[in-house]
Each structure stands twice: as C-alpha cells, then as structure tokens.
Amino acid sequence: MNKPDGLTVIAEGDIADKVWPLPVRKLLGVGPKTEARLTTLGVTTIGALAATPLPTLQHNFGEAHGRYLHEAAQGIDETPLITAWEPHSFGRQITFQKDIIGTRMIAKQLNTLVETVLDDAREGGYLAKTVTVRIRFSDFKTLSRQVTLPRPSSARRTIARTARECLKRIASVKKVRLIGVRLSGLAPLDHRMGHEPSPVAASAA
C-alpha cells in the first residue's frame, strides 16, 4: 500500500476500516477471472467477500480456493512463516580502476577473492561443490568457467586450486577489468568434510 516499499503493517483491529473497503482484486490470489465471478455474486469489495458464507464460496470456487478466499478476506493466513533464509551461493568480485594484465597479477587477485568468498561460506556454515570464476576484459567481453568437485568442500587449498583451474580455462592475453569468484552447490558445513584429505587418502582416491 505505502510507497516506496509497498509494505504496510495492519493490526487485526484495523482490518475492517483499512482492508474491507478495498476492491476485491487487491486481495492476493484474486485475478481477473475470479474477480469477474465474484462480481456476478455481488461481491466487489474485500469486506463483501468476508461476509460471503463459506459454502457459497466453496460451491463457486472449489473447496480449497473457496476457503482461502473466505479466510484471506478476514485476515486469516495459516501459512507457516519462514524465518530462515538459505543462500544459493556466495560470491565476490572486484573491478579494477586500472586494467591489469599478466598471469601472476591476475592469479594474485584471484587468490584474494577466493580467501574472502571462502570465509563468507565458512562463516555461513556451508561447504561448496562448484567453483565459478568470471573475468571481464578491457573490451567488456565477459567469460566464466566453472568446475564441480566430487564432493562439497571448504578446504582452502582445494577451492583455490579449483579456482586456478577455472582461470586456466579462460586463458587470454587481454587486459582484465573485473574478476569474480562464486561458490555454489552448497551443503551444510561438516568439519570432518571440510579438511583436506590426508596424503594416503588422496593417493588412494
């Protein structure tokens, strides 16, 4: 309702004054077809919808949608509130004020980004299975390459080595304007999985 966020907090006692006078189309889930059908029933406001008997709504819109319309018009929503947000990836990028060139300089900047992104993932409690490196050149052409690991990891050596492998696949002598690193394919952090494998385990793999 309110600009610019479009968010308004309405207390239960204010529903009749602030919500019921609104056109029924303002209710989430009421599209043109539903609005037209409600109009034929003489229902044009949310308040009128709230006053419409549940059996009438279920007869015209089906049991589930009819109940939804009846309860939504009265400010009732039993949908569970999701308070935890699960990230899909962690990423960082850096844009250089002056284009850089040279494998050693680019690799140095890449390593710095890997350190930062990996710290972000670890602090969030995640391992990553896929590493993506994105490069934008001075001519604004952008290339990205990704490598997926056999299993999720938060091991610094593994992630850094994988990022360098991605960089090799974008081999170019062009000047670089931007470098980005993204970790995805996330899994909850298990410290037993996050360490580097022992030399014996690595040679046996």
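At a glance:
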item	result
13 Å beta-carbon shell around residue 60, net charge (K/R +1, D/E -1)	+1
Unsatisfied cross-links (Cα-Cα over 23 Å) in the set 108/168; 108/174; 98/141	none
Straight-distance crosslink candidates among lysines, where the alpha carbon sits under 21 Å from residue 18 and sequence neighbours closer than 8 are dropped	3, 26
Contour excess over end-to-end distance, with Cα ends at residue 86 and residue 120 and 0.36 nm allotted per residue	10.9 nm
Segment residue 16-residue 76, extension gain: residue separation times 0.36 nm, minus the distance between their alpha carbons	20.3 nm
Under 10 Å, Cβ to Cβ, from residue 141 - net charge with Lys/Arg +1 and Asp/Glu -1	+2
Debye-sum result for the range 89-204 in log10 I(q)/I(0), which assumes one identical scatterer on each alpha carbon, at q = 0.11, 0.18 Å⁻¹	-0.36, -0.85
Other-chain or far-sequence residues with amide H under 5 Å of residue 175's (modelled H)	138
Net +/- balance of residues flanking residue 91 in space, Cβ distance below 15 Å, scoring K and R +1, D and E -1	+3
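Bear in mind that the values in this text are calculations on the coordinates, not laboratory data. All of these numbers come straight from a predicted model, not from anything done at the bench. In this analysis, Cβ positions are derived from the backbone assuming ideal geometry, glycine residues included, and neighbour counts consider all displayed protein chains.
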